[in-house]
Amino acid sequence: MTAGVLLAACGAMGARNAVPLSLEDSAQVAGMGPETIRFWGDELPPNTAAYQAKRVSQLTRSRPELRGAGGRRPVMTSLALSGGGPYGAYGAGILAGWTAAGTRPEFDVVTGVSTGALSAPFAFLGPKYDPALKHVYTESHMKDIAIMRPVKGLLGGSALSSNSPLAKLIASYVTPSFLAEVAAEHRKGRRLLIGTTNLDAGRPVIWDMGEIASSGRPGSVELFRNVLLASAAIPAAFPPSFIKVTADGYSFEEMHVDGGTTRSVFLAPTQLTMGNMDQALGARPDRRFYVILNGYPTPHYKAVKAHTLDIAGRAVSTLLTNQGVGDLYRLYEFCRRNGIAFNLAYIPEDVMDTSTQAFDPVFMTRLYDIGYERARGGYPWQHQPPGL
């Protein structure tokens, strides 16, 4: 009798109105307009030319030097922040140290996945948000991120924990005024892109957060928060984010989880080429791409407790680390093909993981300090993936 009740409950919890395969490509986020607020991360958007033309128009208005004014070759910089959970403290330290060194550029494009998605909006808006990043990555405990509910998760729930504390943390920063700041920078031609995984499709999705912020739609703040929460939703550990969409006149919901499930770090669909954009600009900028890998470049030793959740967590992190190396190679080849300078940072191999819990503020503060000091003294960027 008990088993039957549990099975029935599991079935009820799992019921949802997913998007049919035939409508997958036509689904639009409910309440949003015709603007391109997202696209698949593994192929070129069907409206790539129009999307780029809009950005070129914005850039040339806000940065006349991109058309050759001043006689110097214009510089364009991009920053990609990877996943890595608590290892995001290292990237936060690099950004603050870079500010202290006085050499940190204003990035034309900032992308983020998972923990990198949580950092990306702050990195996009500049050094004034360095204190916020430091606070998040040096003073957060597990209770500030999630509430463990393993029994509920094992008996048919969507996850082993609730990420309501993380949702509350995101909401405390992502306010209407915060979105207004993102929108103002977006109108200058700068781009803030966040990666999630559409779990039904098993494909990466890239969200243009500036387009969401500047849409003026009533649900824009909630959607902005939901995308950040989705990108950091490690499958099974944290519940997914459900995005309401419409297609062919019907309403559905998509299930989105950690972007690192499909791409641990990204810049743009790798099928993209810069030639068309350069032609529209009338100039060939000096492009520089910085990747902050919030983690180690190869699997790193850490004694694992003989508990189910610890074993599962370590297995997932090891899988993502190995996948991340492949993503770095993909990005390196993209940069080589497009004449973009490749710069990579990662946690030094000799820094041991001494954390005693998933989000250990002592270890995270140490990582932050290491990243800060290395960047303040002039970060030793690597110019190719490890092992190449």
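Give the shape of the stretch 231-306 as rounded, prolate or oblate, defined through the alpha-carbon gyration tensor: a ≥ b ≥ c are the square roots of its eigenvalues, a/c under 1.5 means rounded, and otherwise the shape is prolate if a/b is larger than b/c and oblate if not.
Details: a/c = 4.27, a/b = 1.18, b/c = 3.63.
Because a/c hits 1.5 or more and a/b fails to exceed b/c, the stretch 231-306 counts as oblate.
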Report summary line: Taking max minus min of the Cα coordinates of the stretch 31-75 on each principal axis, largest first, gives extents in Å of 43, 24, 14
Query - Additional length obtainable on full extension of the chain from Gln357 to Tyr250, 0.36 nm per residue less Cα span - result: 34.1 nm
Requested in this report: Please label the shape of the stretch 184-268 as rounded, prolate or oblate, based on the square roots a ≥ b ≥ c of the eigenvalues of the alpha-carbon gyration tensor (a/c under 1.5 means rounded; beyond that, a/b larger than b/c means prolate, else oblate).
Outcome: oblate
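FYI, it's all coordinate maths here, none of it is from the lab. What you are looking at is a predicted structure, and each value in this text was computed from that prediction instead of being measured.
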